[in-house]
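Working notes, beginning with the structure itself.
The values are calculated or read from the model by the stated rules, or taken from the named source; none is laboratory data. Remember, predicted model here, so these are calculated numbers, not experimental data. All Cβ positions, glycine included, derive from the backbone under ideal geometry; neighbour counts span all protein chains shown. These area figures cover heavy atoms from the full protein model, side chains too; ligands, DNA and RNA do not enter into them. Shrake-Rupley method; radii C 1.70, N 1.55, O 1.52, S 1.80 Å.
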Amino acid sequence: MGRGYFSGAYLNQVDAKHRLSVPSALRDTIEARSAARQLVLAPAEHSPCLVGYDITRFEAIQGQLDRRFADDWGPGREAFARTMFAMAETLAWDHNGRIILTPILRDLGELSGPALFLGAGDYFELWAPSRLLGQPDGDPRLLRTVRALLAAKGGGQ
């Protein structure tokens, strides 16, 4: 089986116990890439969302850190390392494919109701739909897709 890539758009609900079902297509990709039933969630570097990936992506992030900063051990490297590693949380999913969002992840992602998963190749994004819809430079096709997903789940905007 190949490594696979994250693709598609999915909308699920964070329940009262802070559980969130990870779409099966994303779980399948994670397992193909890492042979593990766990994912990593961290704040995105440039967008107001969370990013998710399999645990093997930590190696790629470390490589990016080394290439980007080489022997520079200054504040830029420290800030990037903190964002990518200190605020990353590894979460296992249960037999129903659900993870439990920690208070920090819920706060960083503003996730308390609908949660939007967007595949992005080597990773996926996890958005509060209202945050994505509020982005000034959003792709109109993606915004239509998000609105359609919300309408289908009874939470149209």
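Principal axes first, then extents: for the Cα atoms of region 106-157, list largest minus smallest coordinate on each axis, whole Å, largest first.
Per principal axis, max minus min of the Cα coordinates gives 26, 23, 20 Å.
Run the quick spin-label model on I100 and A60: label points 7 Å from Cα toward the beta carbon, then report their separation in nm to one decimal.
Modelled inter-label distance: 3.0 nm.
How much net charge surrounds E31 when only other residues with a Cβ under 10 Å from its Cβ are counted (Lys, Arg +1; Asp, Glu -1)?
+1
Nearest 10 degrees is fine. How inclined is helix 140-152 to the longest principal axis of the chain, computing both from alpha carbons?
The angle comes out near 50 degrees.
If packing is taken as the average number of other Cβ atoms within 10 Å across a peptide's residues, how do 135-141, 9-15 rank, most packed first? Let's see the in-between values first.
Values: 135-141: 8.4, 9-15: 17.0.
Ranking the peptides 135-141, 9-15 by packing returns 9-15, 135-141.
Angle between the Cα long axis of helix 24-34 and the longest principal axis of the chain, 0 to 90 degrees, nearest 10?
Once rounded, the angle reads 20 degrees.
Probe of 1.4 angstrom, ligands and nucleic acids ignored: what's the accessible area per residue over the chain, in square angstrom?
I get 53 Å² per residue for the chain.
Please give, to one decimal in nm, the separation of the simple spin-label points placed at R37 and A92, each 7 Å out from Cα toward the Cβ.
Calculated label separation equals 0.8 nm.
Assuming a ≥ b ≥ c are the square roots of the Cα gyration tensor eigenvalues, decide whether region 37-82 counts as rounded (a/c under 1.5), prolate (otherwise, with a/b larger than b/c) or oblate.
Since a/c reaches 1.5 but b/c is at least a/b, the shape of region 37-82 is classed as oblate.
What's the carbon and sulfur percent of the chain's accessible surface, probe 1.4 angstrom, rounded to a whole number?
52
Given an 8 Å cut-off on Cα distances and at least 6 residues of separation, report the relative contact order of region 12-157 as a percent.
Computed over region 12-157, the figure is 28 percent.
Using a 10 angstrom cutoff on alpha carbons, build the Gaussian network for the chain and name the most mobile of P114, P103, P48.
Top of the fluctuation ranking is P103.
Rounding to the nearest 10 and keeping the result within 0 to 90°, find how far the Cα-based axis of helix 57-69 lies from the longest principal axis of the chain.
Result, in degrees: 50.
Give me the number: length gained by fully extending F80 to A152, i.e. 0.36 nm times residue separation minus the C-alpha to C-alpha distance, one decimal in nm.
Working: separation 72, 0.36 × 72 = 25.92 nm, distance 3.80 nm.
Working it through step by step, the gained length comes to 22.1 nm.
Dividing the convex hull volume of the Cα atoms of region 1-72 by its residue count, what figure in Å³ per residue is obtained?
130
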